[in-house]
């Protein structure tokens, strides 16, 4: 057991720091990380720059355009970019979900077609899993795909799709066999978002931002060659996607929480009304310290999970904790931060502290326990698959 | 970066679990716990034979020279089994003090060698009624140490000494003219040799407990956790030998404190893990309304929450153990985080296990309350969670600048 960087890791870290210092536009680091903080016009060239410097697809096999580096390098990358305040690669869905699924289940043609432009941010991906009637219960998806010659004809509706408004491709779970048992009638397609019959509508959230979209499919033709895995194997393929969503998430969550705790500490130390520091209130001190402990617990739980991934090829059971813990901790944090502002906490734009940063974060954090697996689903998974209690359904 | 125990450490854990499962099944723990001492006198020679005593003491001082990380594996297993022996007192508190004292010389004392040989067990006495609360509160120490023709004699009363009635020796934090130091008091020795010094005060102290001047009187308390009892130690010009010179106690106690916190975090993880297992086993089979109760989310989510708290605590406990083992600069914050989180996680685990199990978990005959009481004891020991969080808050909120409050792995420890 040793938490320090190996000489190779230390050198990678220091090169990355220098690269970020030289390449990150000076004013970016101080911008508030709201949705829309970076427009696609900024984010896409930045992603390309990261790609050209060899920082994208770090853990992907070299043959698919990656760097073939150990998982720790991805962790270092996320830590350092978060510390520098650098924006993420624009293709989060592609890098974290579509790409690993294509590597695991794609044909050689699919791999050579999709992976390289995904890494270089020339093509952006979105996700078509959830439906109005199938949220946590993904296997209940009803969007239909009917075989017609060399195409599937897709009809239905997907929801909660980030980036759909600018995406080139959509990873899409559809029902190809309505007669088969729920989990067996699904297939996994790659849909061209510029196909006729696709309509994308922004979905406004409680923050007021349209971060997600609805996608409507009306007689959309998707070539059969765009199917990932066999017909009827969609559930198994989708599980690969979700495994990767959770497997690679830990570092990003740690980086995000570290950023938030840093902001919280700064807010608590800043004199507010009558020159009093929130940090002089013993209850505030206790709560801030607890947030810091929560952060360290997330960080080292993630390290443990990563070590298990490196040594055994699968994340350890402790990994199932990360997203649940992060989301609930982040909700406590944003609520605490807002409470330090007094009645000024009610202003959300003009005259608001830090331009309404915490007001936005507090509202946005309510989605954390819903997106990418609700806390209830995650507790079911822990109870049933990790602790081994009987299935509740 | 590597966050896994080595193959050797995993073997050590497996061997420890086998031994403890075999030697201390729950019925045996209860038997010892409800006995006079709350501690099994037969345990000690065996623990020494197994190599559990002095694992992390440097070879130059007669130990095995292994890492504190190895020892934390044992603390975790001891917590899991509720090992009824003065293991924490001797290995978690006394040995670090003795090992720290050894190079300082002064040392004609034989306690370190005696403990390592399995002949002696020891604890540490620091708290006083109107004096120190935390281990490092040396400014508040009022138990006195005075020179005698033969050596030293101590006078005063120490409170809340862990496993006092179960050990052969006590390391006492006391104040001499030149400052606060550490002395050894042999609880098996007679009363000769100390009577001449400080006779008026000593006589009064001795009279108050009906003892002779020169005696060391152990006043055992009934303690919630019957396997780790607390006692008061009354010293009335009691003969003692010097371990750490007057004025030198604080840095030694700071090191002892970090180890104790990390060791307790390890124990707490073991306690929480056992509570999870007990609750999971029961809720997998217990039926109500025609269904296994583990299928009700009101029950299963409670179990999931125990699992979450356990994993988070475990990560922090191992971080703290590693930081202590390599002497990392982040060790004080890591230990504060680990002790606060693990102590609270153990209490949380026990309370939720009791609730998930319904009435049976609330009965005296069921194991859970034993774990609950150990958890409560760990949580209270050397500061509840909020006291450690106060230390963390001071580092985050009062230091002149805080840019990155997180440990910087880039620059190493």
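The values are calculated or read from the model by the stated rules, or taken from the named source; none is laboratory data. Remember, it's a predicted structure, so these values are computed and weren't measured experimentally. Cβ: placed from backbone, ideal geometry, glycine included. Neighbour counts: every protein chain shown.
Computed quantities for the displayed model
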read-out	value
Members of region A:114-148 found to be part of a strand (DSSP E or B) and within 16 Å of the chain's Cα centre (by Cα), listed by number	A:125, A:126, A:127, A:128
Count of residues meeting criterion [away from every other protein chain (no Cβ under 13 Å) and either crowded, with 18+ Cβ neighbours inside 10 Å or under 20 Å from residue B:304 (Cβ atoms) (or both)] in region A:315-335	5
Test: residue in region B:53-65 that is over 21 Å from residue B:327 (Cβ atoms) and under 17 Å from the mean Cα position of the chain (by Cα)	yes
Candidate set from region A:1-18 (those that are facing another protein chain (nearest Cβ under 7 Å) and within 25 Å of the chain's Cα centre (by Cα)); member that is nearest to residue B:9 (Cα to Cα)	A:9
Looking only at region A:267-282, and only at residues there that are under 33 Å from the mean Cα position of the chain (by Cα) and more than 8 Å from chain B (Cβ to nearest Cβ), the one that is nearest to residue B:385 (Cα to Cα)	A:278
Positions within region B:117-132 being surrounded by 15 or more Cβ atoms within 10 Å (Cβ to Cβ) and in contact with a helix residue (DSSP H, G or I) (Cβ under 8 Å, 6 or more places away or on another chain), in sequence order	B:118, B:120, B:121, B:122, B:123, B:124, B:125, B:126, B:128, B:131, B:132
Matching residues in region B:147-170 - criterion: being more than 25 Å from residue B:264 (Cα to Cα) and touching a helix residue (DSSP H, G or I) at 6+ places or on another chain (Cβ under 9 Å)	B:153, B:155, B:156, B:157
Unique match (being farther than 23 Å from residue B:315 by Cβ, surrounded by 13 or more Cβ atoms within 10 Å (Cβ to Cβ), under 20 Å from the mean Cα position of the chain (by Cα) and outside the structural domain of residue B:228 (by TED's automatic domain parsing)) among B:16, B:43	B:43
